[in-house]
Amino acid sequence: KGGGSLRLATPDDLSLLTHWAVAFQHDTFGPGVVDSESLARFMARKIEYGLVWLWHTPEPVAMTAATSIAAGVSRIQHVYTPPRLRGSGFAAACVSAVVTDRLAAGADRCVLFTDLNNPTASAVYQRLGFEPVSEHLEIDFT
């Protein structure tokens, strides 16, 4: 599972990454919350700073972004695999390789947020060595 390899995203990947970022936000927060122009700018900056990666086989099958290292920590974010490709281990392989990259770049540790309502993702992250630290509850009074 997860066969393929990691590569840094390039400006040529911006359209695909923006599409996947929109899908990620939709999956995470539901419909109507996505601002695709802001996400395109966000992904363009991530690409510019070398902080978004693609797992490919040879076509792109998953993405993972990260933050710059601050106080020894890099946050893993925007882990996404299109629905038709899920369950193949691509996202797990991508996250594992990005964590290895961040540690080699000087991070002492990597952290991420995951939705407890997604037991598959939570189990994958724990299998990769992430440990639950705290739970957060978000309440929207609108």
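The values are calculated or read from the model by the stated rules, or taken from the named source; none is laboratory data. Predicted model only: the values in this text are computed from it and were never measured. No Cβ is skipped: glycine too gets one built from the backbone with ideal geometry, and neighbour counts run over all protein chains shown. The area values use the complete protein model at the heavy-atom level, side chains included, leaving out ligands, DNA and RNA. Shrake-Rupley method; radii C 1.70, N 1.55, O 1.52, S 1.80 Å.
Filtering region 94-126 down to residues that are in a helix (DSSP H, G or I) and without any contact (Cβ under 8 Å) to a residue 24 or more places away in the chain, which residue is least open to solvent (accessible area, probe 1.4 Å)? In this case the residue turns out to be 122. Just wondering, is there one or more residues in region 106-122 that are touching a strand residue (DSSP E or B) at 6+ places or on another chain (Cβ under 6 Å) and closer than 24 Å to residue 3 by Cβ? Yes, region 106-122 has at least one match.
Inspect region 94-101 for any residue being out of contact with any Leu (no Cβ under 6 Å at 6 or more places or on another chain), more than 25 Å from residue 5 (Cβ to Cβ) and at pLDDT 90 or above and give the result as yes or no. Taking every residue of region 94-101 in turn, none turns out to be out of contact with any Leu (no Cβ under 6 Å at 6 or more places or on another chain), more than 25 Å from residue 5 (Cβ to Cβ) and at pLDDT 90 or above.
Is it the case that residue 88 is open to solvent by less than 60 Å² (accessible area, probe 1.4 Å), of a type in the set (Ser, Thr, Tyr), part of a loop (DSSP other than H, G, I, E, B) and out of contact with any helix residue (DSSP H, G or I) (no Cβ under 6 Å at 6 or more places or on another chain)?
yes
For the residues 79, 52, the requirement of being at pLDDT below 95, of a type in the set (Val, Ile, Thr) and under 17 Å from residue 25 (Cβ atoms) singles out 79.
Looking at region 46-70, which of its residues are crowded, with 19+ Cβ neighbours inside 10 Å and assigned to a strand (DSSP E or B)? 52, 53, 54, 55, 60, 61, 62, 63, 64, 65, 66, listed by residue number. Which of the residues spanning region 107-142 are hydroxyl-bearing (Ser, Thr, Tyr) and out of contact with any helix residue (DSSP H, G or I) (no Cβ under 6 Å at 6 or more places or on another chain)? Result: 120, 122, 125, 134, 142.
Within region 71-85, track down each residue that is open to solvent by 30 Å² or more (accessible area, probe 1.4 Å) and part of a helix (DSSP H, G or I). Those that are open to solvent by 30 Å² or more (accessible area, probe 1.4 Å) and part of a helix (DSSP H, G or I): 83, 84.
Residue 35 meets all of the listed conditions (1) open to solvent by less than 90 Å² (accessible area, probe 1.4 Å); (2) at pLDDT 85 or above; (3) over 19 Å from residue 94 (Cβ atoms) but one, namely (2).
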